[in-house]
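Single-structure report; data block below.
The values are calculated or read from the model by the stated rules, or taken from the named source; none is laboratory data. Just so it is clear, the model here is predicted, and its values are computed rather than measured. Heads up, the Cβs are rebuilt from the backbone with ideal geometry, glycines too, and the neighbour counts pull from every protein chain shown. Just the protein is used for accessible areas: all its heavy atoms, side chains included, with ligands, DNA and RNA removed. Shrake-Rupley method; radii C 1.70, N 1.55, O 1.52, S 1.80 Å.
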Amino acid sequence: MKKTELQELKKKLFYKKENVFDVRTKKDEKSLEKYSKGYMSFLDNAKTEREAVKEGIKMLEANGFVAYSIGDKIEKGGKYYYNNRDKSLFAFTAGTESIEKGVRICAAHIDSPRLDLKQHPMFENEGFAYLKTHYYGGIRKYQWVTIPLALHGVVTKLDGTNVEITIGEDENDPIFCITDLLPHLAREQSQKPLGTAHTGEGLNLLIGSQPIDGDIDEKVKFNMLKILNDKYGITESDFVSAELIATPAGKARELGLDRSFIAAYGHDDRVCAYPALTSIIECKDSEHTVMCILADKEEIGSEGVSGMKCRLIVDLIEEIAKCLGGNPNVVRANSMCLSADVSAGYDPMYPEVFEKRNSAIVNCGVVMNKYTGGGGKSSTNDASAEYVGFIRKLFDENGITWQTAELGKIDVGGGGTVAMYIANQNINTVDLGVPVLSMHAPLEVIAKNDLYETHKAFVAFCK
Ligand code: MN
Ligand code: MN
């Protein structure tokens, strides 16, 4: 064969990963910059699942979605959202086609790894006041010391009212931090393995040092409680019924001389939650019945009333089916889901943990994970060839830049998503999302290119 023929044939037979920079248009470039700005402001306003629910409702209401309660009537063409205890959010549009054709679901999560306050958090030690934390999700403890931290959350008082607290995000606010040893005296600590140098019980927030005036013991703690009581009307007992969360303080920032990245806390999984929201909004008049799920508790196993293992998803599909005249079991059997979650971005600084051929390459678009889990494909939804084939065709037809990956080298580690809990309800599901660098760190990194391709992919799926 001639060289040109061979080149042609090679192009036909070989797979080649596309880089968004090579294929994106000027128009795309403009849209992705605008889209990224919207995403960054979402990040700044939605650092916890509660804040993300609030922010999500704001976006949905601005686009004609109305609050729905279980038992309400659902009408064809209607746009609804279900606020599940302020912790998780279900938005859905009732399409014009037969409901028995199934629901198109994009399911992301809005909880992120962080430090939760214990129920009896406050103590005084040698003139300093602290708050004890219990870390939430998979954190690398050494990353959470000596960084600015903010407090977010709610306190439910005995009279049943909620007090909302945010301290450390406004630039005039104070911040908090966990101290660490100086290198001069860390000879012993520095010899410890990374995972044991800091302990869970050692992650205590420094919150103050000024004592209350007068002759009384625990003067510093006393003063802290007085400050909180003056401002929020709470007492030490109220911590028992509170959800107070320490997150990294500060806003999302563009990263790089070319501003091609976004650095922020909580990309996992707001970087998929935001596209899930924007795509249902963009496709609100789709003929399909579309559902966007923003779940809580993914980082700690998806348990509980706000996690994806809760049967609420089944209840809602049953309610929709009932109102639109379909058999709910048929509806689920014909439904499809994109489990919208992040993937481990290939990091050239740590090539040893990746198998590059099957890695999520940053700037190469939205990532499909046919399976996640750990060694030997345990604990995963392994999507079928047919379902992957359907999605593949859909993306190719819609000009989406996409790739497939698995989570690092076999037996190096592993991880899961909500995919299997949705698939367990007899709903075809595959993982789809954005590659992230430094996942679960206080500062995670993503590329704007991948964020925007993810939005486009969800739109192609929902429309
Ligand atoms: Mn995630
Ligand atoms: Mn995660």
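Give segment 180-229 a look and list any residue that's open to solvent by less than 90 Å² (accessible area, probe 1.4 Å), among the β-branched types (V, I, T) and out of contact with any Ser or Thr (no Cβ under 7 Å at 6 or more places or on another chain), or say none.
T196, T199, I207, I212, I216 - these are the residues of segment 180-229 that are open to solvent by less than 90 Å² (accessible area, probe 1.4 Å), among the β-branched types (V, I, T) and out of contact with any Ser or Thr (no Cβ under 7 Å at 6 or more places or on another chain).
Do you know which residues across segment 246-273 are away from ligand 2 (no atom under 16 Å from the Cβ) and assigned to a strand (DSSP E or B)?
Across segment 246-273, the qualifying residues are A246, R253, E254, L255, F261, I262, A263.
Can E49 be described as out of contact with any strand residue (DSSP E or B) (no Cβ under 6 Å at 6 or more places or on another chain) and open to solvent by less than 10 Å² (accessible area, probe 1.4 Å)?
The answer is yes for E49.
Any residue at all in segment 120-131 that's under 25 Å from I165 (Cα atoms), assigned by TED's automatic domain parsing to the domain that holds L443 and either of a type in the set (S, T, N, Q) or at pLDDT 95 or above (or both)?
No; the residues of segment 120-131 include none that is under 25 Å from I165 (Cα atoms), assigned by TED's automatic domain parsing to the domain that holds L443 and either of a type in the set (S, T, N, Q) or at pLDDT 95 or above (or both).
Quick check on my filter: what residues within segment 283-311 are at pLDDT 95 or above and basic (K, R)?
Correct list: K297, K309, R311.
Can you confirm whether segment 409-423 contains a residue that is over 20 Å from the mean Cα position of the chain (by Cα), in a loop (DSSP other than H, G, I, E, B) and buried (at least 22 other Cβ atoms within 10 Å of the Cβ)?
No: zero hits.
If a residue must be acidic (D, E) and open to solvent by less than 20 Å² (accessible area, probe 1.4 Å), how many such residues does segment 338-373 contain?
1
Tell me, which strands (runs of 3 or more DSSP E) lie completely within segment 104-222 with 2 or more residues that are closer than 30 Å to D431 by Cα, touching a Phe, Trp or Tyr at 6+ places or on another chain (Cβ under 7 Å) and within 16 Å of ligand 2 (Cβ to nearest atom)?
Correct list: 114-125.
Identify the single condition in (1) within 16 Å of ligand 1 (Cβ to nearest atom); (2) polar (S, T, N, Q); (3) assigned to a loop (DSSP other than H, G, I, E, B) that N363 does not satisfy, given that it satisfies every other one.
Only one criterion is unmet by N363, namely (1).
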